[in-house]
Amino acid sequence: MYQLTNIGKTYKQGSRIVTALKDVDLTIEDGDHVAIQGQTGGGKSTLLQLLGALDRPSTGSILLDGKDLARMRDAELGRVRATRIGFVFQGFNLIPTLTAQENVETALAPLGIAATDRRRRAAEALAAVGLDTRASHLPSELSGGQQQRVAIARALVKDPSVLLADEPTGALDEDTRNDIIELLERIRDERGITLVVVTHDSWVARRAKRRLQLRAGVLTERPVATVPVG
């Protein structure tokens, strides 16, 4: 569970101080499906970076299962990222010279896992996203949707408790977008992981259990539609 209390984040741009987040209070329960929306520059990516232990807040505390990420040492934060949190990005971030299998295995390299176990776990992760027959293919030999599935497998291979997705469908067509979101939802349901998605796409956001809005660094929660989303 995440517990954010009085989170503020400021940056210095030349002589100017930019406020990215203002007094954010937020609880995300284990297994939640949360969408974060807002204008460009409103603080969405900043909040996701804090949830992912990629940055520290300027003020406040951010607890993950009772441990304050804001006060952890860099090595401890690295361990949290390597073992507890999976990341999926709009640009896939695959290494072009590595096969799908090898790209997935890279997530396990920092954990000191034996090569045999890395190969087995990567193969299982690719099968879980429907790409077991594409394991030997380079990213350039895969469609955009398939590349995003490899990226999801890479995030899942370390068996995280949290999956953070930053515009995961932004580079995809509508049909592929639907497939990827349904895949993420199925994974969340099957594994009971927490899913947080930053998106500009209202269709994607409406599928979440909770919808958060960030505007000029201020967080509000929007009501969720009770009717089925088609």
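The values are calculated or read from the model by the stated rules, or taken from the named source; none is laboratory data. No experiment lies behind these values; they were computed from the predicted model shown. So basically every Cβ, Gly included, is an ideal-geometry build from the backbone, and we count neighbours across all protein chains shown.
Could you list, in sequence order, the residues of segment 127-143 that are in contact with a Ser or Thr (Cβ under 9 Å, 6 or more places away or on another chain) and in contact (Cβ under 8 Å) with a residue 40 or more places away in the chain? Residues satisfying the conditions are Leu138, Pro139.
Cβ-Cβ below 6 Å, separation at least six or inter-chain, first residue in segment 100-121 and under 21 Å from Arg79 (Cβ atoms) and free of Cβ contacts under 8 Å to residues at least 24 places away in the same chain, second assigned to a loop (DSSP other than H, G, I, E, B) and not hydrophobic (A, V, I, L, M, F, W, C): which pairs? Short answer, once both residue conditions are applied: none.
Filter segment 154-195 down to residues that are over 19 Å from Ile36 (Cβ atoms), of a type outside the set (D, E, K, R) and part of a helix (DSSP H, G or I) and give me whichever is nearest to the chain's Cα centre (by Cα). That would be Leu156. Residues that are out of contact with any Phe, Trp or Tyr (no Cβ under 9 Å at 6 or more places or on another chain) and either part of a loop (DSSP other than H, G, I, E, B) or modelled with pLDDT of 95 or more (or both) within segment 11-29 comprise Gly14, Ser15, Leu21, Lys22, Asp23, Val24, Asp25, listed in sequence order. Of all residues in segment 157-191, exactly one satisfies the criterion of being surrounded by 20 or more Cβ atoms within 10 Å (Cβ to Cβ) and among the hydroxyl-bearing types (Ser, Thr, Tyr), namely Thr169.
Where helices (runs of 4 or more DSSP H) fall wholly inside segment 63-139, the ranges with 3 or more residues that are exposed (fewer than 15 other Cβ atoms within 10 Å of the Cβ) are 74-83, 115-128. In segment 1-55, what residues are without any contact (Cβ under 8 Å) to a residue 24 or more places away in the chain and under 17 Å from Ile85 (Cα atoms)? Listed by number, the list holds a single entry, Gln49.
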